[in-house]
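Undergrad: Before we start, here is the structure in question, set down as structure tokens.
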Amino acid sequence: MAAPTALKDVLAGLTHPAAPQLVEGHPSGKLRCLACGHRCLLAPGSAGVCKVRFHDGQTLRAPWGYVAGLNVDPIEKKPFFHFLPGSEALSFGMLGCNFRCDYCQNWLTSQTLKDPAADPARYGGRAHREISPEEIVALARRNGAQVVTSTYNEPLITSDWAADIFKLAKAEGLKCTYVSNGFATREVIDYLAPWLDGMKVDLKSMRDATYRKLGGRLNVVLDTIRELHQRGIWTEIVTLVVPGFNDSEDELRELARFIASVSPDIPWHVTAFHSDYKMSTTPSTRVDQLIKAANIGREEGLRYVYAGNIPGAVGDLENTRCAQCRSLLVRRFGFAVLENHVTRGGTCPRCGGLVPGVWQ
């Protein structure tokens with residue numbers, strides 16, 4: 001009986017040549033990948049930090065033609081709170097990541113090919129299913145989704161695949177978003193910009209040493225946030241508040257100050273950590289810790305601060321209020337929108353103040 005084909009070999013077959021905009025030649029014959037901030041310089045036969053983009057001897061190959069996760073989710077789950085509240089998002093993801101976060105909540109897909117424990121087959125799961133961009137967009141339409149979202153793993157490393165889906169989705173009148181760690185390059189933002197309507201960026205810390213432990217660099221993520229805002233790509237930022245990791249008052253204030261320096265209108269979601277992956281003994285974030293972080297954000301001038309992952313326990317911090325008159329605009333419980341009073345023009349019905357976001 002033939003031995004089963006290794007997942008690595010299967011995934012190597014589910015690739016296309018990378019988009020020309022995301023590859024750069026080198027005098028040595030190596031190829032530089034421009035899909036993320038690592039800018040890996042790849043010799044023939046080698047793979048990047050993500051393990052899913054590789055030099056096959058002739059071209060740079062990029063994942064294409066499959067999903068590891070596919071679901072219809074509320075847009076609030078991403079989380080986006082100022083982007084078509086109450087809408088459904090057809091969410092898709094592949095395998096692999098350019099980071100190595102010990103607390104990753106999607107580690108079974110993100111750490112595949114890096115961590116042997118992340119092989120879905122060990123848990124009776126299926127690593128992937130083959131599918132076409134046309135089928136994904138058709139699923140979105142059949143399910144009444146208004147948004148298609150690349151998520152579950154790090155979408156930057158599979159941007160070639162996402163772009164092929166987004167091109168079709170935009171032609172059907174759908175919005176397109178990323179749920180990303182923000183470790184981008186100017187080249188990949190240039191490549192995605194014609195189709196990308198919004199990006200949720202994880203701002204995990206304001207310490208470069210912390211980012212290097214996770215596999216990245218702080219300045220790259222900060223540059224991405226600035227670049228997205230300058231280009232008018234709707235941006236919301238999430239910080240997972242992890243006890244003993246990034247929850248000091250000094251660091252939380254630095255996080256909030258940076259966001260406010262880009263724009264006080266960027267929504268900041270401070271979300272609760274739940275023990276997972278290699279941090280299973282780290283205590284979960286308490287409600288009072290989350291509320292303290294949110295209050296710091298408001299003190300530092302952010303107009304829209306939210307607390308998440310503990311539905312119903314954070315009071316008004318799940319809701320959107322007008323920054324001018326404080327009228328209740330969107331009332332939520334967890335991922336559910338219970339009321340939405342923002343006008344079709346994106347204004348407060350009481351005072352007429354503009355509410356930053358994507359509303360129709």
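What follows draws every value from the coordinates through simple rules; no lab data is involved. Because the structure is predicted, anything quoted here is derived from the model rather than measured. When we count neighbours, we look across all protein chains shown, and the Cβ atoms used for this are built from the backbone with ideal geometry, even at glycine.
Undergrad: What ranking, highest mean first, results for peptides 157-165, 208-216 when packing means the other Cβ atoms within 10 Å averaged over each residue? Display every interim value, and only then the final one.
TA: Numbers: 157-165: 25.2, 208-216: 16.0.
Per-residue mean Cβ counts within 10 Å order the peptides as 157-165, 208-216.
Undergrad: Okay, next question. Which whole number in µm²/s is D for the range 203-318 by Stokes-Einstein, with the Kirkwood Rh taken over Cα pairs at 25 °C and 0.890 mPa s? Write down the numbers at each step before the final one.
TA: On the way: Rh = 14.5 Å.
Estimated via Stokes-Einstein, D reaches 169 µm²/s.
Undergrad: What would the Debye formula give as log10 I(q)/I(0) at q = 0.18, 0.20, 0.22 Å⁻¹ for the alpha-carbon point model of the range 204-272, no solvent?
TA: Summing over Cα pairs of the range 204-272 leads to -0.69, -0.85, -1.02.
Undergrad: Name the residues whose placed amide hydrogens come within less than 5 Å of the amide hydrogen of residue 358, ignoring near sequence neighbours (fewer than 5 apart) on the same chain.
TA: 83, 84
Undergrad: Moving to a separate point now. Residue by residue, what Karplus-based ³J(HN,Hα) values in Hz, rounded to whole numbers, does the range 333-349 have, using 6.51, -1.76 and 1.60 with θ = phi - 60° and x for Gly and Pro?
TA: 9, x, 8, 8, 8, 8, 8, 9, 10, 5, 6, 4, x, x, 10, 6, x
Undergrad: Further, regarding this structure: Please list, in chain and number order, the residues 5+ apart from residue 23 or on another chain whose amide H is under 5 Å from its amide H, with Hs placed from the backbone.
TA: Amide H neighbours of residue 23: 34.
Undergrad: Working out 0.36 nm times the residue gap between residue 281 and residue 333, then minus their Cα-Cα distance, what length gain in nm do you get to one decimal?
TA: Working: separation 52, 0.36 × 52 = 18.72 nm, distance 2.83 nm.
Between residue 281 and residue 333, full extension yields 15.9 nm more.
Undergrad: Amide H neighbours of residue 60 under 5 Å, at least 5 residues apart or on other chains, H built in the peptide plane: list them.
TA: Amide H neighbours of residue 60, under 5 Å, 5+ apart: 18.
Undergrad: Next up: Under a plain spin-label model, where a point goes 7 Å from the Cα along Cα-to-Cβ, how far apart in nm are residue 292 and residue 142?
TA: Modelled inter-label distance: 5.0 nm.
Undergrad: Okay, next question. So what J values fall out for the range 265-277 if you push phi through Karplus, 6.51 cos²θ - 1.76 cosθ + 1.60 with θ = phi - 60°, rounded to Hz, Gly and Pro as x?
TA: Using θ = phi - 60°, the values come out as 8, 6, x, 10, 9, 9, 10, 7, 7, 10, 3, 7, 6 Hz.
Undergrad: Any idea what angle helix 249-262 forms with the longest principal axis of the chain, computed on alpha-carbon atoms, 0 to 90 degrees, nearest 10?
TA: Helix 249-262 and the main axis of the chain meet at about 90 degrees.
Undergrad: Next question. For the range 40-67 and the range 159-235, compute the distance between their C-alpha centroids and round to whole Å.
TA: Here the answer is 20 Å between Cα centres.
Undergrad: Identify which of 139, 196, 90 has the largest mean-square fluctuation in a Gaussian network model of the chain, with springs joining Cα atoms closer than 10 Å.
TA: Comparing 139, 196, 90 in a Gaussian network model of the chain, the most mobile one is 139.
Undergrad: Okay, moving on. Calculate the dipole size of the chain relative to its Cα centre from +1 charges on Lys and Arg beta carbons and -1 charges on Asp and Glu beta carbons; express the result in debye to the nearest 20. Write out the running numbers ahead of the final one.
TA: Working: 41 positive and 37 negative charges, 14 e Å.
Dipole of the chain, to the nearest 20 debye: 60 debye.
Undergrad: Taking the alpha-carbon distance from residue 204 and a cut-off under 16 Å, which lysines remain once sequence neighbours fewer than 8 residues away in the same chain are dropped?
TA: Reachable lysines: 78, 213.
Undergrad: Next question. Show me the three semi-axes of the equivalent ellipsoid for the range 321-360, from the C-alpha gyration tensor (sqrt of 5 times each eigenvalue), largest first, rounded to whole Å. Please list the in-between numbers first.
TA: Numbers: eigenvalues 57, 28, 12 Å².
Taking √(5λ) for each Cα gyration eigenvalue gives 17, 12, 8 Å.
Undergrad: What translational diffusion coefficient, in µm²/s and rounded to a whole number, does the Stokes-Einstein relation yield for the chain at 4 °C and a viscosity of 1.567 mPa s, taking the hydrodynamic radius as the Kirkwood radius over Cα pairs? Kindly include the intermediate steps, with their values, before the conclusion.
TA: Numbers: Rh = 21.0 Å.
For these conditions, the coefficient is 62 µm²/s.
Undergrad: Tabulate in residue order the Karplus-calculated ³J(HN,Hα) for the range 84-99, using 6.51 cos²θ - 1.76 cosθ + 1.60 with θ = phi - 60°, rounded to whole Hz; enter x for Gly and Pro.
TA: Working through the residues one at a time gives 6, x, x, 7, 9, 10, 6, 9, 9, x, 10, 10, x, 7, 9, 10 Hz.
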